[in-house]
Number of protein chains: 4
Amino acid sequence: MNMMKAVVKPGPQPGLELTQRPIPEVGPGEVLVKVRAASICGTDLHIYNWDAWAQSRIRPPVIVGHEVCGDVVARGAMVTEPQIGDFVSLESHVICNICQYCRTGRGHICENTRLIGVDRDGGFAEYITIAAQNAWKQPADLPVEIAALQENFGNAVHTAFAADVTAKKVLVTGCGPVGVMAIMVAKAAGARVIYASDVSDYRLNMARAAGADLALNPRRDDVVAMVRQATDGEGVDVLLEMSGAVTAIDQGFTLLKPGGEAALLGVSPGPFTFDWNHHIIFKGARVYGITGRRLWETWYQSRGLVRSGAVNLAPLITHRFKLEEYDKAFETMASGQSGKVVLFP
Amino acid sequence: MNMMKAVVKPGPQPGLELTQRPIPEVGPGEVLVKVRAASICGTDLHIYNWDAWAQSRIRPPVIVGHEVCGDVVARGAMVTEPQIGDFVSLESHVICNICQYCRTGRGHICENTRLIGVDRDGGFAEYITIAAQNAWKQPADLPVEIAALQENFGNAVHTAFAADVTAKKVLVTGCGPVGVMAIMVAKAAGARVIYASDVSDYRLNMARAAGADLALNPRRDDVVAMVRQATDGEGVDVLLEMSGAVTAIDQGFTLLKPGGEAALLGVSPGPFTFDWNHHIIFKGARVYGITGRRLWETWYQSRGLVRSGAVNLAPLITHRFKLEEYDKAFETMASGQSGKVVLFP
Amino acid sequence: MNMMKAVVKPGPQPGLELTQRPIPEVGPGEVLVKVRAASICGTDLHIYNWDAWAQSRIRPPVIVGHEVCGDVVARGAMVTEPQIGDFVSLESHVICNICQYCRTGRGHICENTRLIGVDRDGGFAEYITIAAQNAWKQPADLPVEIAALQENFGNAVHTAFAADVTAKKVLVTGCGPVGVMAIMVAKAAGARVIYASDVSDYRLNMARAAGADLALNPRRDDVVAMVRQATDGEGVDVLLEMSGAVTAIDQGFTLLKPGGEAALLGVSPGPFTFDWNHHIIFKGARVYGITGRRLWETWYQSRGLVRSGAVNLAPLITHRFKLEEYDKAFETMASGQSGKVVLFP
Amino acid sequence: MNMMKAVVKPGPQPGLELTQRPIPEVGPGEVLVKVRAASICGTDLHIYNWDAWAQSRIRPPVIVGHEVCGDVVARGAMVTEPQIGDFVSLESHVICNICQYCRTGRGHICENTRLIGVDRDGGFAEYITIAAQNAWKQPADLPVEIAALQENFGNAVHTAFAADVTAKKVLVTGCGPVGVMAIMVAKAAGARVIYASDVSDYRLNMARAAGADLALNPRRDDVVAMVRQATDGEGVDVLLEMSGAVTAIDQGFTLLKPGGEAALLGVSPGPFTFDWNHHIIFKGARVYGITGRRLWETWYQSRGLVRSGAVNLAPLITHRFKLEEYDKAFETMASGQSGKVVLFP
């Protein structure tokens, strides 16, 4: 049996482990992908730290990693696309195709989704198998870091396009990588002005570089007062909530105009108290919960934005490590002083 | 100066008072309407009881009443429609026509709205003046109780049509008159099945008569379990929240399917704790805050439903009183053992 | 090799032939269905008559028939749903699942669609194989004629729901079975009023029974004048064009109000002259081309309408024949004096 | 009586005339605007040439010109906005505010619209009166040519935003000024790629400068073949038809992908023959007739695009003339060798 390197969560405790695992067998309808790059997500950090969410969801041992690209090196039975040799980005949500959500163009809420690197083995490894439809063909010359990042970029695209941002005033709360990408997408789609907030100055600088017109730190700035002033008292048409922070959510909805749209991707630590009357009902606001990527509209949209050059993801990649250096990579990621951190097997 | 009867909130305390007031002068762009009927709304009860909301919003003295119909008896300058003699229902939100919301077909969130019977004199009186555009012409033979009810019916229409109910499974939480009307509208629009909940058995009976397939009392029934069972574990596609009760909101969102739509009209007593992650974000749910009526789409839709006979509002009118009997009318309304209660000046 | 009865187009000439054919082998991802009923469509008549369209599309020999229901009697590899013994209606469009249209919830415009009974063997036979996903499970007690009709009913549902018919004035041009079903759907969805036109009085009677408020014969009635009068000069909000007749299309668009919606299912004999300026551009009209059924939203919607009882398809079934009587069945269908004609193998 | 210069169509024949006319009186709800600039539209050319359309629509004498900006110098009764001294662009469609279209946020299809410079006196003059709501306040430092152009720019915005262009492949047929502006808008909104066609090389150069990736001349280029090749045989997601040329319309629909959207602003010379089956129905295409600007969403959108700098209209202004030089200005406009031509009173 051929073996490969893999970073796994070995058991129910903090930390990860580099180990040897058999190269997985490709099943019917699947492809085997030789991983070229895989980026670290905030979710991976939860798994690393073994927090409450990780404890409730992860069943070790499991190979971690769900933002992955690589080359197709084998195909199972009944696969017509992609071809061996194709360079592909991976969609991390493996869906059933037969539930009512999959059958109505809403695979992002498939009731049987299995997430690579979470519910089953992921891509911080030399190889991964995955349903053929989850292997999205990329041009051979797309930089591997950009290809790995597409899964996460898709979250930003899904969120930003849930609302109508063109020619609108937009507030992005939370400027981690996915927030910064949401700024890029809103900018590419012709937002009139983009306000951003985050507690990290490092991230606010990335937000500014990505196109934010005004980037505020709620630890220092009165976000509500400053955005209100910048909008002549009006507030914003669109809120893209990428932080999950209760304060940010509250500020965002306070600034949301009547009739405004709020797209929520950020996951909060738990239930929280919220003024529905003033923030949603009296305003006639519309609120969209966002999860994953629309399968596969989001991938087509992402491709359009990247190929036209409307969005340039390169500046977001700040750190590169060998797979063996995973501990250092996670440390960098946890520091808050990074954009995307990419692992190379 | 000619005088008229009117029911007013005379000062900052509970109760109302029947008094004499001058018949109002009709201004430019306005009509004078001789009131034929006016129905009591839950909001009127808040004003009667002088609760926290009423204390914060109402500046006595003010004539109460905002669900009104009558005959146009005079017209101010520059009015082309309606004509003197026309029988009209009144839209209670008097809007500015020049703010950005009014100018983009969203007068229901006009930033300068003044509500009759709340922000200015209303219709529990013999006469009322109002902007000509707020006087919606009705057929001469429409029963006056039905005509008075159109404002409130419009809330139900606005809420039910914010989501797509046709061929869908719908849950209506809260079966006061506006909830019962939402059931009627969902039924008329071809909902596949309608579930309803309320704490009053009197109201649940009205809900059943209006078309609810299953009407549950959360004081007695396990609403979540029973609707789940009735839907083979699936839940509902659409939630129409008409109660403002935190328990109902929580049950409603628990039962909402992934990708579902929730339209919220019910006003809750204040901020409350809610699980956004599971109820909105992971589900990819969409939530719509509803206020007033879309001006004037809702009125056209309401007219269509009433004229085609798809909705029959008559059974909803359970009590009729002379204006002088307003105390008895409010008592009936407060008992929970009534549908709509109508006053006749 | 086991044989079965089948009605085939044997070669490039008018007419069909009852013959013996091998029972087809079920492939991976497929089911074998024992046909219980199959209804005749206008398309089948074109194939029977071997008209220009049929000559350009059909490659004989082929078993005809695409409105089919039956029992699942065998399953190929990798099929999880439906189960053996399940009673199913068939979706006639066998799609590829991997083209950009399939991958974005728009399988109805799959670029590799193969239509049973047209591009490959169909269901006027004792058995048919088809992709498992095309076998839509029905309740065991659904009448077989109704189950066979679902494919065609789905055309009506797709067309009627492409526009917003609730509380609107609707004109249905063309009252063949699919037009009559569109009337039923519009009625179920709460259309304010439904106008209908057809050149056959038999069909106009079916239209009236289905819910048309006014059913007109353009050979006798001035459709434009009469609908205009009935709408106080306004015209209609929605046009459902189910005839493909140039006169009907022109009348329909003449009657369409500014801002109106036109959903077009009827296929015309060829290109025709049309006044785009007045019929579409100056009116700000929206026009939707309709083909097939949305996969699989339409099937869910159809199920909702049938199960709630909002639509009753039974009156549409006017004639039943044994498969051997196919010539008589096609003759009945061609007479214009029928609703749906159903074959039983 | 104070007099002013004005360019009028004096009677039923080709040509215009510079004459003296009384400065108009401002009525209730109106403002008097001192014109600072007015640009020439294709419609003005039709009036100048006195073609069939002009003969059927225009009732001389009438002051021409409907793309206008200027300063508010007087206000009639009941006007609250704008203020005297405000610099304003004019919306040319004076609407009734009371028809069903105006009352449902669709003033662009008002059934009583009166167009300045066509149905009543326009803006090729020193002064014009207009309904106060038609005077859209602009920043004092907006160049007057850009301010005059907003009416026409709004046509481009309305058309481009009728479809979803972001991350999509777009074809713009017709590269007159409004076509070029549609290219600018599609570019600003993040279109993936923009193809353009026109018979004038001068205009194709403007199209390229505005952002077209490939600009083709159907007199020389095989538009269908070249766009097909550029799109790997796929065609385009969105057609923005700005020419009214039958060949362009046919090419555009030939290139439109299944499920595509076509927004049509160009007015054709008359009815024409078109293949609805293949161009619309089998494709499941959606077609939108476009007229005027959405009142007032389009104005808000236009403002957003101009103020953010996403669209730069300056290069479009190629010629400036004094009002007295109107003949020379029209000659320039007719030459096809110009962008927008602006008159200064």
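The values are calculated or read from the model by the stated rules, or taken from the named source; none is laboratory data. What you see is a predicted model; the values in this text were computed from it and never measured. Cβ atoms come from the backbone with ideal geometry, glycine included; neighbour counts cover every protein chain shown.
Do we find a residue being over 28 Å from residue B:338 (Cβ atoms), in a strand (DSSP E or B), within 14 Å of chain D (Cβ to nearest Cβ) and touching a helix residue (DSSP H, G or I) at 6+ places or on another chain (Cβ under 8 Å) anywhere in the stretch B:76-97?
Here is the first cut: in the stretch B:76-97, the ones over 28 Å from residue B:338 (Cβ atoms) are B:76-86, B:94-97.
Now narrow it down to the ones that are in a strand (DSSP E or B): B:94.
Restricting the remaining residues to those that are within 14 Å of chain D (Cβ to nearest Cβ) gives none.
Among the residues of the stretch B:76-97, not one is over 28 Å from residue B:338 (Cβ atoms), in a strand (DSSP E or B), within 14 Å of chain D (Cβ to nearest Cβ) and touching a helix residue (DSSP H, G or I) at 6+ places or on another chain (Cβ under 8 Å), which makes the answer no.
Hey, among D:130, D:116, D:40, D:47, which residue is β-branched (Val, Ile, Thr), buried (at least 23 other Cβ atoms within 10 Å of the Cβ) and within 21 Å of residue B:100 (Cβ to Cβ)? Walk me through it before giving the result.
On the way: D:116 fails: within 21 Å of residue B:100 (Cβ to Cβ); D:40 fails: within 21 Å of residue B:100 (Cβ to Cβ); D:47 fails: within 21 Å of residue B:100 (Cβ to Cβ).
Criteria check complete, one pass: D:130.
Which is at positive phi and in contact with a strand residue (DSSP E or B) (Cβ under 8 Å, 6 or more places away or on another chain), of D:233, D:284?
Details: D:233 fails: in contact with a strand residue (DSSP E or B) (Cβ under 8 Å, 6 or more places away or on another chain).
The unique qualifying residue is D:284.
Looking at B:178, B:172, which one is over 28 Å from residue D:99 (Cβ atoms) and assigned to a strand (DSSP E or B)?
B:172
Quick check: is even one residue across the stretch D:170-186 more than 17 Å from the chain's Cα centre (by Cα) and either crowded, with 24+ Cβ neighbours inside 10 Å or not assigned by TED's automatic domain parsing to the domain that holds residue D:229 (or both)? Break it down into steps so the answer makes sense when it comes.
Initially, the stretch D:170-186 is screened for residues more than 17 Å from the chain's Cα centre (by Cα), giving D:170-171.
Retained after the next criterion (residues that are either crowded, with 24+ Cβ neighbours inside 10 Å or not assigned by TED's automatic domain parsing to the domain that holds residue D:229 (or both)): D:170-171.
Within the stretch D:170-186, one or more residues are more than 17 Å from the chain's Cα centre (by Cα) and either crowded, with 24+ Cβ neighbours inside 10 Å or not assigned by TED's automatic domain parsing to the domain that holds residue D:229 (or both).
If you scan the stretch C:59-117, which residues turn out to be of a type in the set (Gly, Ala, Ser) and within 27 Å of residue A:27 (Cβ to Cβ)?
Scanning the stretch C:59-117 gives C:74, C:76, C:77, C:105, C:107.
Is one or more of the residues making up the stretch D:143-157 surrounded by fewer than 20 Cβ atoms within 10 Å (Cβ to Cβ), in the same structural domain as residue D:89 (by TED's automatic domain parsing), in contact with a strand residue (DSSP E or B) (Cβ under 9 Å, 6 or more places away or on another chain) and farther than 12 Å from residue D:67 by Cα?
yes
Is there a residue in the stretch D:92-102 that is more than 15 Å from residue D:294 (Cα to Cα) and within 21 Å of the chain's Cα centre (by Cα)?
No, the stretch D:92-102 contains no residue that is more than 15 Å from residue D:294 (Cα to Cα) and within 21 Å of the chain's Cα centre (by Cα).
Collect the residues in the stretch C:166-182 that are small (Gly, Ala, Ser) and under 15 Å from residue C:210 (Cβ atoms), keeping them in residue-number order.
C:174, C:176, C:179, C:182
Conditions: (1) in the same structural domain as residue C:337 (by TED's automatic domain parsing); (2) free of Cβ contacts under 8 Å to residues at least 40 places away in the same chain; (3) of a type in the set (Gly, Ala, Ser). Residue C:131 meets all but one. Number of the miss?
Tallying (1) in the same structural domain as residue C:337 (by TED's automatic domain parsing); (2) free of Cβ contacts under 8 Å to residues at least 40 places away in the same chain; (3) of a type in the set (Gly, Ala, Ser), residue C:131 fails exactly one: (2).
Restricted to the stretch D:136-169, and to residues that are among the aromatic types (Phe, Trp, Tyr) and part of a helix (DSSP H, G or I), which residue is nearest to residue D:313 (Cα to Cα)?
Looking at the filtered set, the residue picked out is D:153.
Which number in (1) surrounded by fewer than 23 Cβ atoms within 10 Å (Cβ to Cβ); (2) over 23 Å from the mean Cα position of the chain (by Cα) marks the one condition that residue C:30 misses?
(1) is the only condition that residue C:30 fails.
When you check residue D:137 against the structure, is it of a type in the set (Lys, Arg), within 13 Å of chain A (Cβ to nearest Cβ) and surrounded by 23 or more Cβ atoms within 10 Å (Cβ to Cβ), yes or no? Outline the logic, then answer.
Numbers: of a type in the set (Lys, Arg): yes; within 13 Å of chain A (Cβ to nearest Cβ): yes; surrounded by 23 or more Cβ atoms within 10 Å (Cβ to Cβ): no.
Criteria not met by residue D:137.
Yes/no matrix, rows are residues, columns are (1) under 23 Å from residue D:146 (Cβ atoms); (2) outside the structural domain of residue D:111 (by TED's automatic domain parsing); (3) modelled with pLDDT of 95 or more:
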site	(1), (2), (3)
D:230	no, yes, yes
D:247	no, yes, yes
D:251	no, yes, yes
D:265	yes, yes, yes
D:276	no, yes, yes
D:301	yes, yes, yes
D:308	yes, yes, yes
D:319	yes, no, yes
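Restricting attention to the stretch C:254-272, which residues are without any contact (Cβ under 8 Å) to a residue 12 or more places away in the chain and under 22 Å from residue D:244 (Cβ atoms)? Before the answer, list the steps.
Taking the stretch C:254-272 and keeping what is without any contact (Cβ under 8 Å) to a residue 12 or more places away in the chain, we get C:270-271.
Answer for the stretch C:254-272, where residues must be without any contact (Cβ under 8 Å) to a residue 12 or more places away in the chain and under 22 Å from residue D:244 (Cβ atoms): just C:271.
Just give me the residues in the stretch A:228-266 being touching a Phe, Trp or Tyr at 6+ places or on another chain (Cβ under 8 Å) and more than 17 Å from residue A:216 (Cα to Cα), in sequence order.
Result: A:258, A:259, A:261, A:262, A:263, A:264.
Got at least one residue in the stretch B:182-193 being outside any strand (DSSP E or B), out of contact with any Asp or Glu (no Cβ under 8 Å at 6 or more places or on another chain) and more than 14 Å from every other protein chain (Cβ to nearest Cβ)?
No, the stretch B:182-193 has no match at all.
Kindly establish whether residue B:91 is acidic (Asp, Glu) and buried (at least 17 other Cβ atoms within 10 Å of the Cβ). Spell out the reasoning first.
On the way: acidic (Asp, Glu): yes; buried (at least 17 other Cβ atoms within 10 Å of the Cβ): yes.
So residue B:91 fits the description; yes.
Tally up the residues in the stretch A:195-207 that are buried (at least 17 other Cβ atoms within 10 Å of the Cβ) and either more than 23 Å from the chain's Cα centre (by Cα) or not in a loop (DSSP other than H, G, I, E, B) (or both), please.
Residues in the stretch A:195-207 being buried (at least 17 other Cβ atoms within 10 Å of the Cβ) and either more than 23 Å from the chain's Cα centre (by Cα) or not in a loop (DSSP other than H, G, I, E, B) (or both): 7 in total.
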